[in-house]
Amino acid sequence: MLYQRSSQLFVEAEKVIPGGVNSPVRAFKAVGGTPIFIKSAKGAYLTDEDGNRYIDYINSWGPMILGHAYEPVVKAIIDRTQLGTSFGTPTALETEIAALAISMVPNIDKIRFVNSGTEACMSAIRLARGFTKKDKIIKFAGCYHGHSDSFLIQAGSGASTFGTPNSPGVTSGTAKDTLLACYNDLNNVSELIAANPNEIAAIIVEPVPGNMGCIVPKAGFLHGLRKLCTENNILLIFDEVMTGFRLAKGGVQELYNIQADIVTFGKVIGGGLPVGAFAARAEIMNHLAPLGPVYQAGTLSGNPLAMAAGYAMLKAINEDAGLFQRLEEKTAYLENGIREALTEANLDHTINRVGSMISVHFDAEQVTDFQSAAKGDNARFKQFFHGLLQEGIYIAPSAYETWFITDALTYEDLDATIAAVRKVAASL
Ligand SMILES: *Cc1c(COP(=O)(O)O)cnc(C)c1O
């Protein structure tokens, strides 16, 4: 494939945008080469500025679960645009999407809409602190909750030591309130709680992590977190920005029958427009301004175009009784095909999958947390990524990302993908 126009566009972009991109992982730094500029997309396919076509496994990092330019969402946006694009006043549509989301997700009474997953998680933490009147939070190494200060904290040395910021600009004052735990390690969490008695406001977790590849929660881990939180007066925050409306209508709470205290959303909930949300039972949500003292606001929050897109998306998901079963079957088919191909080629690998989230790790050992995810053979991943790209298969340009499966994929697309994996694997 030729990327002349993409390369030229990247040169132009680098002059006026830091690194040429508005979000770092798009820059291909982890895999080398120059990023591809996409011109359009429809269903399961992307078309780039040079006219190359790809089967897409990024799907805007999750939102396009029903495929690109999904007709009901496109129509909802166009229709709504004619009526004005933003008012800064309440609209009927906000109540409609709130009621719909609450009807789909267990254990939430009220929801507030924001503009990104980052905002949702940042606000959820503030709310948890305001509600519990405690300051510290526990997060897990390798879990991503957006780019707000409290979450950009690297693995510390010992279980009870304070985290250190992993970005300049995050103060040590902020970092000291974020404690770092190891995913799938309940003992580690117990120790942190014991070392910080009555100081922890919340535990925030990607219940099924997708930002260190896909990680499968061990049996009892999430329920163990629930129990520890309840016993110690800590709020359990499920960051379902990736998993919400993807792994089940009601997200991981429904999938594993477990109750979180606060849930955050993003990605799918906006149908491809910038939307995030956080939700909880009324007792907690009533602490938010203007009802309560915890401040949170947004000029464009609940924007009519974004709400129209999100509503059309959630409605389509809600009314499609077979959706999650189809996604499960398609992704299982892909998983089996990839496994066969990598096994035939004698490549060490581990494939992790929950529903329509799947990741391929070039390591024979199980991948259960950030440490084991980081051990994968990155050089091999780079070759794999570029090999697939040449075959017209677009996966995320980082070994730490999951593939997002869309219902727009046909079995022919999946077969073509598996054939490409077989061809690339044989060349590694
Ligand atoms: C993508 C993501 C976020 C951040 O959402 P943005 O919309 O990119 O700000 C937060 N948490 C999880 C689990 C995510 O996958």
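The values are calculated or read from the model by the stated rules, or taken from the named source; none is laboratory data. Source: prediction; values computed, not measured. Ideal geometry is used to build each Cβ from the backbone, glycine not excepted, and the neighbour counts take in all protein chains shown. Ligands, DNA and RNA are stripped out before the accessible areas are found, and what is left, the full protein with its side chains, is counted by its heavy atoms. Shrake-Rupley method; radii C 1.70, N 1.55, O 1.52, S 1.80 Å.
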| task | Residues that are under 20 Å from Cys143 (Cβ atoms) and under 22 Å from the mean Cα position of the chain (by Cα): find the helices (runs of 4 or more DSSP H) completely inside region 315-404 holding 2 or more of those. | result | 370-374
| Could you give every pair whose Cβ atoms fall below 7 Å, whose first residue belongs to region 252-281 and is basic (Lys, Arg), and whose second residue is more than 15 Å from the ligand (Cβ to nearest atom), counting only separations of at least 6 or pairs across chains? | Arg281/Asn107; Arg281/Ile108; Arg281/Asp109
| Residues satisfying the stated conditions in region 166-184, i.e. hydrophobic (A, V, I, L, M, F, W, C) and touching a residue at least 60 places away in the same chain (Cβ under 8 Å) | Cys182
| Within the bounds of region 147-156, is there any residue that is within 30 Å of Asp185 (Cβ to Cβ), within 16 Å of the ligand (Cβ to nearest atom) and modelled with pLDDT of 95 or more? | no
| Considering Thr91, Thr85, Thr118, Thr81, which residue is under 20 Å from the mean Cα position of the chain (by Cα) and touching a residue at least 60 places away in the same chain (Cβ under 8 Å)? | Thr118
| said: Return the residues of region 1-13 that are more than 29 Å from Gly376 (Cβ to Cβ), open to solvent by 50 Å² or more (accessible area, probe 1.4 Å) and not basic (Lys, Arg); say none if nothing qualifies. | reply: Leu2, Gln4, Gln8, Val11, Glu12
| query | Residues in region 268-275: is at least one of a type in the set (A, V, I, L, M), away from the ligand (no atom under 16 Å from the Cβ), assigned by TED's automatic domain parsing to the domain that holds Gln82 and open to solvent by less than 10 Å² (accessible area, probe 1.4 Å)? | reply | no
| query | For the subset of region 185-200 comprising residues that are in a loop (DSSP other than H, G, I, E, B) and touching a residue at least 12 places away in the same chain (Cβ under 8 Å), which member is nearest to the ligand (Cβ to nearest atom)? | reply | Asp185
| query | Does Glu283 meet the test of being outside any loop (DSSP other than H, G, I, E, B), modelled with pLDDT of 95 or more and outside the structural domain of Asn115 (by TED's automatic domain parsing)? | reply | no
| said: Just to verify a result, which residue in region 39-61, among those that are without any contact (Cβ under 8 Å) to a residue 60 or more places away in the chain and open to solvent by 40 Å² or more (accessible area, probe 1.4 Å), is farthest from the ligand (Cβ to nearest atom)? | reply: Gly51
| field | Which numbered condition Thr410 misses (of (1) farther than 24 Å from Ile65 by Cβ; (2) at pLDDT 95 or above; (3) open to solvent by 20 Å² or more (accessible area, probe 1.4 Å)) | value | (1)
| request: Mind listing whichever residues of region 201-221 are open to solvent by less than 10 Å² (accessible area, probe 1.4 Å) and not in a loop (DSSP other than H, G, I, E, B)? | output: Ala201, Ala202, Ile203, Ile204, Val205, Gly213, Phe221
| field | Single condition Leu305 does not satisfy, out of (1) farther than 30 Å from Thr132 by Cα; (2) in the same structural domain as Phe113 (by TED's automatic domain parsing); (3) open to solvent by less than 10 Å² (accessible area, probe 1.4 Å) | value | (3)
| query | So which pairs qualify, if the first residue must be in region 95-112 and of a type in the set (Val, Ile, Thr), the second must be part of a loop (DSSP other than H, G, I, E, B), the Cβ gap must be under 7 Å, and the two must be at least 6 apart or on different chains? | reply | Ile102/Ile108; Ile102/Asp109; Val105/Gly250; Ile108/Arg281
| query | If you take the residues of region 222-266 that are within 16 Å of the ligand (Cβ to nearest atom), of a type in the set (S, T, N, Q) and not in a loop (DSSP other than H, G, I, E, B), which of them is farthest from the chain's Cα centre (by Cα)? | reply | Gln253
| said: Test of understanding: among Ala120, Ala27, Ala124, which residue is open to solvent by less than 20 Å² (accessible area, probe 1.4 Å), within 16 Å of the ligand (Cβ to nearest atom) and modelled with pLDDT under 95? | reply: Ala27
| Number of the condition not met by Glu335 [criteria: (1) over 29 Å from Ala76 (Cβ atoms); (2) buried (at least 20 other Cβ atoms within 10 Å of the Cβ); (3) not hydroxyl-bearing (Ser, Thr, Tyr)] | (2)
